[in-house]
Amino acid sequence: MNRLFTAWVEQVYHRRPHSETDVAPLARWSAGGPFPLPSTDALAEAFLWAEQRTVSKTALVSLQGNSYQVDPALAGRRVELVFDPFDLTRIEVRLAGTPVGAALPHRITRHAHVKARPETPPAALAAATGINYARLLDDAHHAELAQRVNYAALTGTDPAAGTAQTGQLELLTDGGTDS
């Protein structure tokens, strides 16, 4: 399905004029010029997670069962903790979007966020069944298409027999002979 959709997008959608802009999407994208690549810092920032916490009277905040010490001036205020979900030992503290320092680990019991999934799945989950469901569907789809459309009849020749035959198009347009 994805392969068929991708083919339609690349061959049809990107090349036809769009109804709102009257310009083909591919031409409009190309006219935009080379787009700037984000810096590595900006890219890393885009994938950080953030959570809101209220700083306790003792200048501590908690995140995923861990305690962190922050600036005592933030006691009682609502702050944003910005962090890499795979490394809960380094937390940045922000107040109204402005960085105000780092949260120092006070008591660490968990080193990764509970919702952070590892990039490589465990070996037990990677065991394959040997059945490629998508390939089976794709093969069945191609077989169904081959049965619905007789391409040899459209050209008027039967490549297996090497003989000419009446094409389906001729039959539809009364170009064929009646028997």
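The values are calculated or read from the model by the stated rules, or taken from the named source; none is laboratory data. In this text the structure is predicted, and so the values were computed from the model without any measurement. Note: ideal-geometry Cβ built from the backbone for every residue, glycine included; neighbour counts use all protein chains shown. Surface accessibility is based on the protein's heavy atoms, side chains included, excluding ligands, DNA and RNA. Shrake-Rupley method; radii C 1.70, N 1.55, O 1.52, S 1.80 Å.
Ranking Glu10, Glu92 from most to least accessible surface, computed with a 1.4 Å probe over the protein chains only, gives Glu10, Glu92.
Within the full protein context, the accessible area of Arg16 is estimated at about 150 Å² for a probe radius of 1.4 Å.
Scanning residues 5 or more positions from Ala24 or on other chains, those with amide H under 5 Å from its amide H are His18, with H placed 1.01 Å from N in the peptide plane. Each residue of the stretch 16-31 was assigned a 3J(HN,Hα) from its phi angle through the Karplus curve 6.51 cos²θ - 1.76 cosθ + 1.60 (θ = phi - 60°); the sequence is 8, x, 6, 5, 8, 9, 6, 10, 5, x, 5, 5, 5, 5, 5, 5 Hz, with glycine and proline shown as x. Using a simple spin-label model with pseudo-atoms 7 Å out from Cα toward Cβ, Thr6 and Ala96 lie 4.9 nm apart.
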